[in-house]
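**Student:** Pasting in a structure now, in C-alpha cells, and then I'll have a few things to ask.
The values are calculated or read from the model by the stated rules, or taken from the named source; none is laboratory data. These numbers come from a predicted model, not from an experiment. Note that we place each Cβ from the backbone using ideal geometry, even for glycine, and neighbour counts take in every protein chain shown. Please note that ligands, DNA and RNA were not included when accessible areas were found on the heavy atoms of the full protein model with its side chains. Shrake-Rupley method; radii C 1.70, N 1.55, O 1.52, S 1.80 Å.
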Amino acid sequence: MPVMMNIAPVRAFKDNYIWVLQDDAGQAAVVDPGEAQPVIDYLREKGLTLTAILITHHHPDHVGGVPRLLETHDVPVFGPGSERVPGMTAPLGQGDRAELEAMGLSFEVLDIPGHTAGHIAYVGHGVLFSGDTLFAAGCGKVFEGTPAQMHDSLSKLAALPPETQIYCGHEYTEANLRFAAQVEPDNQAIQQRLETVAAQRRNDEVTLPSTIALELETNVFLRGGSESVKQHAEQHAGRRLDSPVDVFGTVRAWKDGR
Ligand code: ZN
Ligand code: FE
C-alpha cells in the first residue's frame, strides 16, 4: 500500500547519513542520528516535528545525537534489544515490528548480526534501512560477529524484493566500487556504476538509495556465487575456497587489507 513518505539525507560527521522520513503533515522520524545538531537544523528549516527515532546498532556515530534530541522531543526510540542504546523505549529483534504510530508507518525488524552482535534492519514500505551492514556496493566491517554471521545477514537482505530501496549509514559507494572493480574486473555493471558514482561524487551528490537489484549485480560481497569473484578471491587467498562463506570472508579480509 503506498504511503505518503519522503526520505531525505542529513549529513553528519565525515560521511554518515542520518535518514529523515517525513510525511505531508510535517511529521518526521530519524534513523541513526549520530549527531543532534544537523537534525535539529534540518527539522527547523523544513518545519518538521520529530515523532520517532530508529536505531540500527549501538555505534556512537549512529546513536550519539539521541540524548540531546530527547531533551527537546519526547519520542519513542526503537533499537536493537540486545545493544545499549541511550533512551531506548522499544527494544526490538527478529520478527518484531517498529510501529511509528504518529506517521502510520510500520517496519519489520530483521536481526542482521556481524558488524555488531545485535545489529538490526528495518524493512517496509518498499525501503530498507541497513545501517552499517549492507552498504551500496559494499558491506560493513565484521567487528563483533563472524564472517559466517555477516554472510547470513547479507543473504537475508539480498533475498528482499529486488526493487527494495536501500538506505545505509555511510557514503562509501565510490571506494566500494573501486575495490569491487579489483575483485571482479570483468563485471561491466560495476564499471558502469563506478563511472556514474564517481561523477556524482565530483558534484558532492548523494549516491543513495541503492536497490537490491543493483546490489545483486555490483556488490561483490553478495556475489560469492559468481565464478569470477570466487577465482579472484582464490588468487588473493592463495588457496581453494570451498564455500560461499569462505569466499565472503576472503573478500572481506582483502578489503580490510589482510
Ligand atoms: Zn557501525
Ligand atoms: Fe557507522
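**Student:** Just a yes or no: is a residue in region 155-168 in a helix (DSSP H, G or I), of a type in the set (A, V, I, L, M) and more than 16 Å from ligand 1 (Cβ to nearest atom)? Outline the logic, then answer.
**Tutor:** Our first condition is that a residue be in a helix (DSSP H, G or I); within region 155-168, this holds for 155-158.
Next cut, of a type in the set (A, V, I, L, M) only: 157-158.
Next, from what is left, pick out any that are more than 16 Å from ligand 1 (Cβ to nearest atom): 158.
Taking every residue of region 155-168 in turn, at least one turns out to be in a helix (DSSP H, G or I), of a type in the set (A, V, I, L, M) and more than 16 Å from ligand 1 (Cβ to nearest atom).
Conditions tested, residue by residue: (1) among the hydrophobic types (A, V, I, L, M, F, W, C); (2) out of contact with any Asp or Glu (no Cβ under 7 Å at 6 or more places or on another chain); (3) open to solvent by less than 10 Å² (accessible area, probe 1.4 Å); (4) within 16 Å of ligand 2 (Cβ to nearest atom).
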site: 78; (1), (2), (3), (4): yes, yes, no, no
site: 84; (1), (2), (3), (4): no, yes, no, yes
site: 88; (1), (2), (3), (4): yes, yes, no, no
site: 92; (1), (2), (3), (4): yes, yes, no, no
site: 99; (1), (2), (3), (4): no, yes, no, no
site: 104; (1), (2), (3), (4): no, yes, no, no
site: 112; (1), (2), (3), (4): yes, yes, yes, yes
site: 116; (1), (2), (3), (4): no, no, yes, yes
site: 120; (1), (2), (3), (4): yes, no, yes, yes
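**Student:** Find the residue count for region 33-73, including only residues that are closer than 25 Å to residue 118 by Cβ and away from ligand 1 (no atom under 16 Å from the Cβ). Working first, answer last.
**Tutor:** Going through region 33-73, the residues closer than 25 Å to residue 118 by Cβ turn out to be 33-36, 39, 50-70, 73.
Add one more test, that the residue is away from ligand 1 (no atom under 16 Å from the Cβ), and what stays is 36, 39, 50-53, 67-70, 73.
Residues meeting the conditions: 11.
**Student:** Only one residue in 63, 10 is β-branched (Val, Ile, Thr), more than 14 Å from ligand 2 (Cβ to nearest atom) and either open to solvent by 10 Å² or more (accessible area, probe 1.4 Å) or without any contact (Cβ under 8 Å) to a residue 40 or more places away in the chain (or both), so which one is that? Please lay out each step first, then the result.
**Tutor:** Numbers: 63 fails: more than 14 Å from ligand 2 (Cβ to nearest atom).
The conditions single out 10.
**Student:** Starting from region 125-150, take each residue that is open to solvent by less than 10 Å² (accessible area, probe 1.4 Å) and list its partners that are charged (D, E, K, R), counting only C-beta distances under 6 angstrom and pairs at least six apart or across chains.
**Tutor:** What qualifies is 140/132.
**Student:** Now a separate question. Just need a number here: residues in region 41-60 that are away from ligand 2 (no atom under 15 Å from the Cβ), surrounded by fewer than 24 Cβ atoms within 10 Å (Cβ to Cβ) and either under 18 Å from the mean Cα position of the chain (by Cα) or within 14 Å of residue 87 (Cα to Cα) (or both).
**Tutor:** So the first thing to find is which residues in region 41-60 are away from ligand 2 (no atom under 15 Å from the Cβ), and the list is 41-53.
Now drop any that are not surrounded by fewer than 24 Cβ atoms within 10 Å (Cβ to Cβ), which leaves 41-51.
Of the ones still in play, those that are also either under 18 Å from the mean Cα position of the chain (by Cα) or within 14 Å of residue 87 (Cα to Cα) (or both) are none.
Result for region 41-60: 0.
**Student:** How many residues does region 220-258 hold that are among the charged types (D, E, K, R) and part of a helix (DSSP H, G or I)?
**Tutor:** Here is the first cut: in region 220-258, the ones among the charged types (D, E, K, R) are 223, 227, 230, 234, 239-240, 242, 246, 252, 255-256, 258.
Cutting the leftovers down to part of a helix (DSSP H, G or I) gives us 227, 230, 234, 246, 252, 255.
Residues that pass the stated criteria total 6.
**Student:** Only residues that are among the aliphatic types (A, V, I, L, M), within 19 Å of the chain's Cα centre (by Cα) and more than 12 Å from residue 51 (Cα to Cα): list them for region 17-39, please.
**Tutor:** 18, 39
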